[in-house]
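Read the figures in this text as sums done on the coordinates, not as results from a lab. Here the structure is a predicted model, which is why all the values come from computation and not from measurement. Positions of Cβ are backbone-derived with ideal geometry, glycine not excepted, and every protein chain shown enters the neighbour counts.
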Amino acid sequence: MRRKDREVTHIGRIREIISACSCCRLGFNDNGRVYIVPLNFGWREKDGSLTLYFHGAKEGRKIGLIKKTGYAAFEMDGECQIKGGDTPCSYTAMYQSVMGEGRIEIIEDRAEKRDALDRIMFHNTGREGWEYPDEMLDATCVYKLEADNFSCKVHE
């Protein structure tokens, strides 16, 4: 990271920033071209390891790339504002962001799917105790990205 003065390493602060983000963008290498897709998400952090959870249709470009490459990058951001100045060069952007990359795979096990969907629903609603009928689980593709590395940056 070039701007070490903006790097956030305290895991509690990183959790706060992730909790405030409503969209996570996944980026894939598609035969030398970049494919980026914005998604809602859920997450789990344990002992400094970050896992992101997503859901969607069982077919399409994104699922094809997950199966083909098994690897993706991610980015999420929040608190984005432009701070003005007297000259163009004195303008700056205020933001919080988390970026990284890692292995991505489709979850097949129903218990693990339920847990992942619980993470997604809690992150997006703040509520717990959801029920997922087996037929809904079977019709939904749930996948996870286990971050090999990630970084957090803030300019406030």
Rounded, prolate or oblate: which fits the stretch 18-86, taking a ≥ b ≥ c as square roots of the Cα gyration tensor eigenvalues, rounded meaning a/c under 1.5, else prolate when a/b beats b/c? oblate
Considering only the other residues whose Cβ falls under 15 Å of the Cβ of Ala20, what net charge follows from Lys and Arg at +1 and Asp and Glu at -1? -3
Please give the calculated 222 nm ellipticity per residue for the chain, where each DSSP H segment of at least 4 residues contributes -39500 (n - 2.57) and the sum is spread over every residue; nearest 500 deg cm²/dmol? -8000 deg cm²/dmol
Nearby lysines by direct alpha-carbon distance to Lys62 (threshold 26 angstrom, same-chain neighbours under 8 apart not counted): Lys113, Lys144
Would you calculate the separation in nanometres between label points at Ala93 and Glu131, each defined as 7 Å from the Cα along the Cα-to-beta-carbon direction? 4.5
So, with points 7 Å from each Cα along the Cβ direction, the Thr69-Asp148 label distance in nm works out to 1.2
Over the residues of the stretch 17-56, compute the C-alpha Rg and express it relative to 2.2 N^0.38 Å. 1.36
Among the stretch 62-86, those whose backbone N falls under 19 Å of a label point 7 Å along Cα→Cβ from Asn40 are 75-79
At q = 0.09, 0.13, 0.20 Å⁻¹, what log₁₀ I(q)/I(0) does the chain have when each alpha carbon counts as one equal point scatterer in the Debye sum? -0.33, -0.65, -1.30
Would you list, by chain and number, the aspartates and glutamates whose Cα falls below 12 Å from the Cα of Lys68, excluding same-chain residues fewer than 8 positions away? Asp30, Glu105
